[in-house]
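Please read the structure below before turning to the comments.
The values are calculated or read from the model by the stated rules, or taken from the named source; none is laboratory data. Here the structure is a predicted model, which means the values were calculated and not measured. With ideal geometry, Cβ positions are generated from the backbone for all residues, glycine too; neighbour counts draw on all protein chains shown.
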Amino acid sequence: MATSSANVDLDGNPIRPLTICMIGAGGFIGSHLCEKLMVETQHTVLAVDVYNDKIKHLLEPDSLPWANRIQFHRLNIKNDSRLEGLIKCSDLTVNLAAICTPADYNTRPLDTIYSNFIDALPVVKYCSENNKRLIHFSTCEVYGKTIGSFLPQDSPLRQDPAYYILKEDTSPCIFGSIEKQRWSYACAKQLIERLIYAEGAENGLEFTIVRPFNWIGPRMDFIPGIDGPSEGVPRVLACFSNNLLRREPLKLVDGGESQRTFVYIKDAIEAVHLMIENPARANGHIFNVGNPNNEVTVRQLAEMMTKVYAKVSGEDSIENPTIDVSSKEFYGEGYDDSDKRIPDMAIINKQLGWDPKTSLWDLLESTLTYQHRTYAEAIRQSIAKPVAS
Ligand SMILES: NC(=O)c1ccc[n+]([C@@H]2O[C@H](COP(=O)([O-])OP(=O)(O)OC[C@H]3O[C@@H](n4cnc5c(N)ncnc54)[C@H](O)[C@@H]3O)[C@@H](O)[C@H]2O)c1
Ligand SMILES: O=c1ccn([C@@H]2O[C@H](COP(=O)(O)OP(=O)(O)O[C@H]3OC[C@@H](O)[C@H](O)[C@H]3O)[C@@H](O)[C@H]2O)c(=O)[nH]1
C-alpha cells in the first residue's frame, strides 16, 4: 500500500502544514482522522461538532504534544455564524457531519434530508466563495441496489461482476420507491454530490468526494444503555457488540441475507490521509473507499463476530447465538435495504495507490477486544444494579 511520508507527497513534493476545518470531528470517522493527523502529521485541526466525547483524549490535558494543533469548536452547523469564519481561516474543509444511522432514515426522514443536504449547503457555498478546498463525505448508499438484484433469482448473470461491482463513473444509482424512506438518505447524499460537482464545473471549487463502504472499528456509534439511549438502534457493529456483551442472541434482520464489505477504520483513514496530502491527485475525484475482499452476508458477520468475541472474552457463546426478526419489527415501516455492496477500487488505486490490508477476522478481533475492554464491566454493573421501585 502506498503511504505518504511525513514530509513529501506521492510525487515527491514537500507537504506544508495545513489548517483543516473538520466538521463532524467528534464522530466515529472524525475521531480516527483527528488521531491520525495529531499523531502522524504537523497539520492543525479546527474540530467542529456538537459533541467531543470521542476526541476528549486528544483535547486534554494541555501537555499533549499536539495541544497547540487542535482546537474544539462546539457548534451546530445548522445555525451558527462562526462556521464561515472557520472555513475562511482554513486551507481545507473536511465535512463529515450527517445523520447516517439507518434506524433514523424512516423514523426521522425530515431530519435525515435536512442533515445530509440542506445543512451541507452553506459548507459547500463558503468553500466555493472563498476558494477553499473541500473533502466531502458521501456514502456507498448512493449506488442503491445492484443491477443484478433485478434479475431472476436463477439468472447466471447474477454471478457476473458487471451486474454488481459498483464503479464511481459508470454504475447507475438505483433507489426504491419514495415510501421506502431509507433512500431519502441516499438521495440527499446524491444531490449534494451533484451540487458539489456543479460548483466544481461552474465555479472552480476544488473538491474530493468520499464514498465509504461500511468502515468499522472502535468508537463506532454507541452501546445502548451505556453511552447512548437504551432504546437506540446503532449500526450493525454496535448492535451485534451490544448483543454479545449482554449475552443475547444477535438479531438478523430479514434473515441476514444482505451482503456487505467491511473495511477497517485504520485502513480507510490512511486513504483520507493520502487525499489530504495529495490534492493534485485527489481534486475533482469521487473515491470508493472499502475492502472488496471482506464480503460477507450479515448472517456470516454475526457468526464470525460470535466466534471472535468468544476468543477475546474467554466466554463460551450462548446456545442460540442468532434470532431472526423482520425489518418492520426492527426498523419500522419504510425500511428497505441495499442487497450487495462491492466497491470497484480502480480509481483510488490509480490516483493514490491505496489498497486496504486488514482481513475481516483481524479487524473484528481488534475491534471486539476494544469493545470488551471498554464496555464489559459497565454492562455487568448495569445488569447488577437493582431496578428503582
Ligand atoms: N461509517 C461509515 O461506514 C460510513 C459509511 C458511509 C458514509 N459515511 C459518512 O461519513 C460521515 C461520517 O460518518 P460517521 O460514521 O463518522 O458518523 P458519526 O455519526 O459517528 O459522525 C457524524 C458527526 O457529525 C456530527 N454532526 C451531525 N450534525 C451536525 C451538525 N448539525 N453540527 C455539528 N456537528 C454535527 C455528529 O455529532 C457526529 O459526531 C457521514 O457523512 C456519513 O454519512 C460513513
Ligand atoms: O442488529 C442488526 C443491525 C443491522 N442489521 C443489518 O445489517 C446490515 C448493515 O446495517 P448497518 O446498520 O450497519 O447499516 P447499512 O450498511 O445498512 O448502511 C450504512 O452504510 C452506509 C452509511 O452511509 C451509513 O452509515 C449506513 O446507512 C443491514 O442489512 C441491516 O438490516 C441486522 O441484521 N441486525
Go through the range 198-241 and count every residue that is over 11 Å from the mean Cα position of the chain (by Cα), over 22 Å from residue 132 (Cβ atoms) and either of a type in the set (A, V, I, L, M, F, W, C) or within 10 Å of ligand 1 (Cβ to nearest atom) (or both). 11
Considering only the range 264-342, give the helices (runs of 4 or more DSSP H) lying wholly within it that have at least 1 residues that are in contact (Cβ under 8 Å) with a residue 12 or more places away in the chain and within 14 Å of ligand 2 (Cβ to nearest atom). 265-277, 298-313, 327-331
Answer yes or no as to whether residue 39 is buried (at least 19 other Cβ atoms within 10 Å of the Cβ), assigned to a helix (DSSP H, G or I), more than 18 Å from the chain's Cα centre (by Cα) and not polar (S, T, N, Q). no
Residues located in the range 150-170, provided they are within 16 Å of ligand 1 (Cβ to nearest atom) and either assigned to a loop (DSSP other than H, G, I, E, B) or not hydrophobic (A, V, I, L, M, F, W, C) (or both): 168
With (1) surrounded by fewer than 20 Cβ atoms within 10 Å (Cβ to Cβ); (2) at pLDDT below 95; (3) not hydroxyl-bearing (Ser, Thr, Tyr) as the list, and residue 182 as the residue in question, which single condition is left unmet? (1)
Can you pull out every residue in the range 286-317 that is under 23 Å from residue 366 (Cβ atoms) and either of a type in the set (Phe, Trp, Tyr) or over 24 Å from the mean Cα position of the chain (by Cα) (or both)? 307, 309, 310, 311, 312, 313, 314, 315, 316, 317
